[in-house]
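The next block holds one structure in the form of structure tokens; read it before the comments.
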Amino acid sequence: MADEPKTPVPESPPAPAVAKKAAAAKPAATAAAAGNDAKLAGRTTTAAARRPKKAPADDDTSPLMGRRGWMGLAWGAFTAANAGCLAATGRFMFPNVLNEPPQQFTVGFPDDYGIGVDERFKDTQGVWIVRTESDYTHEAPGFYALFSICTHLGCTPNWLSAENKFKCPCHGSGFRPTGINFEGPAPRPLERTRIALAEDGQILVDKGQKFQEELGGWADQDSFLQT
């Protein structure tokens with residue numbers, strides 16, 4: 001039998017040639033992918049298009065108060081603070097004025113008084129006017145004015161004409177018509193104030209000067225008006 005002709009087997013290209021072809025194919029694939037991305041730019045896939053779109057965030061919404069509400073509240077607080085500062089400044093410009101009774105005042109003419117304690121000026125001026133036939137210190141007839149303030153704790157005693165004494169309702173201190181303390185916790189006599197005759201002949205009382213018996217003040221001529 002005659003030998004059949006043999007089909008020639010192609011020789012494999014050398015390894016360096018294969019590597020060159022693979023390297024040449026990569027830029028082509030990359031370019032194709034880039035082309036596809038360019039075609040899909042600005043588009044969405046079918047699955048993405050079916051998803052519900054989220055509403056854009058609203059800066060003016062809040063679970064408690066909107067942005068406009070917060071702005072209004074802030075401006076209101078700012079205005080109130082400024083108004084308070086202005087009010088305080090205005091109040092500083094007008095200080096308190098105490099309507100205290102005058103320290104010097106007249107209480108009438110000597111002939112308007114009889115012997116004993118007169119209470120007409122106790123509530124308004126805080127003094128008793130006393131006319132005596134013989135003063136405790138000066139041993140002469142005339143007038144003196146006693147402060148209606150207990151020397152214990154500052155309460156206002158009452159004049160008890162039936163008992164001929166001043167009696168403090170707070171702690172029971174007792175004072176004679178002269179002002180001398182004789183019962184209770186009061187540590188010293190009542191205080192006298194300056195008394196004199198005014199130019200018009202009325203009795204003038206000056207509470208700006210006080211005289212204490214234990215300090216020898218009752219011997220002062222201004223503590224007694226001799227008549």
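Coordinate-derived values only; no laboratory data. Worth saying up front: this structure is predicted, and the values here are computed from it rather than measured. Using ideal geometry, Cβ is built from the backbone for each residue, glycine included, and neighbour counts are taken over all protein chains shown.
Sorted by average packing, counted as other Cβ atoms within 10 angstrom per residue and highest first, what order do 145-153, 210-218 take?
On the way: 145-153: 20.1, 210-218: 15.7.
For the peptides 145-153, 210-218, the packing ranking is 145-153, 210-218.
Taking just the C-alpha trace of the range 82-227, give me its Rg and Dmax in Å.
For the range 82-227, the Cα-based Rg and Dmax read 18.7, 68 Å.
Please give the charge dipole size of the range 104-226, origin at the Cα centre, charges +1 on K and R Cβ atoms and -1 on D and E Cβ atoms. Round to the nearest 20 debye.
Working: 11 positive and 18 negative charges, 95 e Å.
The dipole magnitude comes to about 460 debye.
Convert each backbone phi in the range 119-127 into a coupling constant with the Karplus relation 6.51 cos²θ - 1.76 cosθ + 1.60 (shift: θ = phi - 60°), then list the ³J(HN,Hα) values in order as whole Hz, x for Gly and Pro.
Here the 3J(HN,Hα) series is 9, 4, 10, 5, 6, 7, 10, x, 9 Hz.
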